[in-house]
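All remarks here apply to the structure that follows.
The values are calculated or read from the model by the stated rules, or taken from the named source; none is laboratory data. What you see is a predicted model, and the numbers here were worked out from it, not measured in a lab. Here the Cβ positions follow ideal geometry from the backbone for every residue, glycine too, while neighbour counts run over all protein chains shown. Ligands, DNA and RNA are excluded from the accessible area calculation, which covers all protein heavy atoms including side chains. Shrake-Rupley method; radii C 1.70, N 1.55, O 1.52, S 1.80 Å.
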Amino acid sequence: MPVRRIDQTGGMGIQIYIDGRFVPKEQATVSVYDHGFLYGDGIFEGLRAYNGRIFKLREHLERLYESAHHVMLDIPLSMEEIKEAALETVRRNNLRDAYIRIIVSRGAGDLGLDPKKCSRASIIIIADKITLFPQEFYEQGLKAITVATRQRISDTLEPRIKSLNYLNNILVKIEAANAGAVEGIMLNNQGYVVESSGANIFIVDKSGSLITPPAYLGILEGVTRNAVIEIARDSGFTVLEKPFTRHDLYIARECFLTGTAAELVPVISIDSRIIGEGVPGPVTRRLMRDYSEYAQSNGTEIYPQVSGKQVSGKKEAR
Ligand code: PXG
């Protein structure tokens, strides 16, 4: 007799939000005429829920609407409505810890580029578990290289737009893998360090200051990056947003990457140069702990509390 497997969502399977409806993952499909698929014409956000709360929901939604504004994509829901839809998607899947993906594509049109042929943008929200880097990278750090693939400059496709065009970033991933490295770090057209394939970068210099590239150099202005800057300053660290080069990377005392999925991950080698002592440094470890505490205790409640009692959502042992 076949064994029925109970999955993490209580046997229901993952429910995906598509344009106001919830459908099982297997039936969650978009048209092959969707310009998000045909041309990468769309935008997205990746968010996290920790301990029953969506972390930095407002910041992610603001970035989504800013990206939409730049590419003149009319999101058919208000910010408040998308917020509710995201919360409801997590609830439907009975999750307290999740990775949430919000995708807004230009919608179905014809085979031409003209976005006017797409009558309505499509909104898709996925709430699922995420596979992070293996635990050993958080404990021991990872090896990265700087790649030949450059960051796009702001007068082409602005890197601050979180668009569905990730080919450049995927080329960075491929280049790093070909060289036997876990991550690739991009430079911009002037040779300044900007970010990795899907995360922002920080170094700790010899004076103990944290340095991260400013947004105007060509980065996605990460929500995690901004949270880390805030947390570090609150703990009394000096944080500078200023340009730096590969030389600064090589002589850094510490280096780490930040992103919603990656959180904070230490980098211990870049282009075969050992960073600091070759192990995650004290500033990185401290900020990893502070970030984790902050993320576990801040965010938008997914399951409303009624007189101190939880009304729904699978309670996990704490
Ligand atoms: N830079 C880029 C280019 C990104 O794609 C970040 C920085 C960090 O931003 P947040 O707001 O998350 O702190 C990202 C994050 C992946 C992956 O698989 C990464 C991202 C999106 C999707 C997948 O590493 N974006």
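Starting from the Kirkwood radius over alpha-carbon pairs of the range 15-130, derive D by Stokes-Einstein at 37 °C in a medium of 0.692 mPa s and give it in µm² s⁻¹. It comes out at roughly 228 µm²/s.
From the alpha carbon gyration tensor of the range 172-290, can you work out the equivalent ellipsoid semi-axes (sqrt of 5 times each eigenvalue) and give them in Å, largest to smallest?
Values: eigenvalues 79, 51, 40 Å².
Semi-axis lengths for the range 172-290 are 20, 16, 14 Å.
When the solvent-accessible area of the range 1-132 is split by element, carbon and sulfur atoms take up 53 percent of it, the probe being 1.4 Å.
Normalised by the number of residues in the chain, the mean separation of alpha-carbon contacts (under 8 Å, six or more apart) gives a relative contact order of 19 percent. Hydrodynamic estimate: the Kirkwood radius of the chain over Cα pairs, inserted into Stokes-Einstein at 20 °C and 1.002 mPa s, corresponds to D of 103 µm²/s. Rounding to the nearest 10 and keeping the result within 0 to 90°, find how far the Cα-based axis of helix 223-234 lies from the longest principal axis of the chain. Orientation of helix 223-234: about 50 degrees from the principal axis. In vacuo Debye scattering of the range 116-229, one point per C-alpha: log10 I(q)/I(0) at q = 0.14 Å⁻¹? The Cα Debye sum returns log10 ratios of -0.70. Modelled spin-label separation between residue 154 and residue 235, with each label point placed 7 Å from Cα along the Cα-to-Cβ direction: 3.0 nm. Angle of helix 167-178 to the longest C-alpha principal axis of the chain, folded into 0 to 90 degrees and rounded to 10: 60°. Peptides 262-270, 25-33, 185-193, 229-237 ranked from most to least packed, by the mean per-residue count of other Cβ atoms within 10 Å: 262-270, 185-193, 229-237, 25-33.
In the chain, the calculated helix contribution to ellipticity at 222 nm averages -8000 deg cm²/dmol per residue, counting -39,500 (n - 2.57) for every DSSP H run with n ≥ 4.
For the chain, find the longest principal axis of its Cα atoms and tell me its angle to the long axis of helix 57-70, 0 to 90°, nearest 10. Long axis of 57-70 versus the principal axis of the chain: about 90 degrees.
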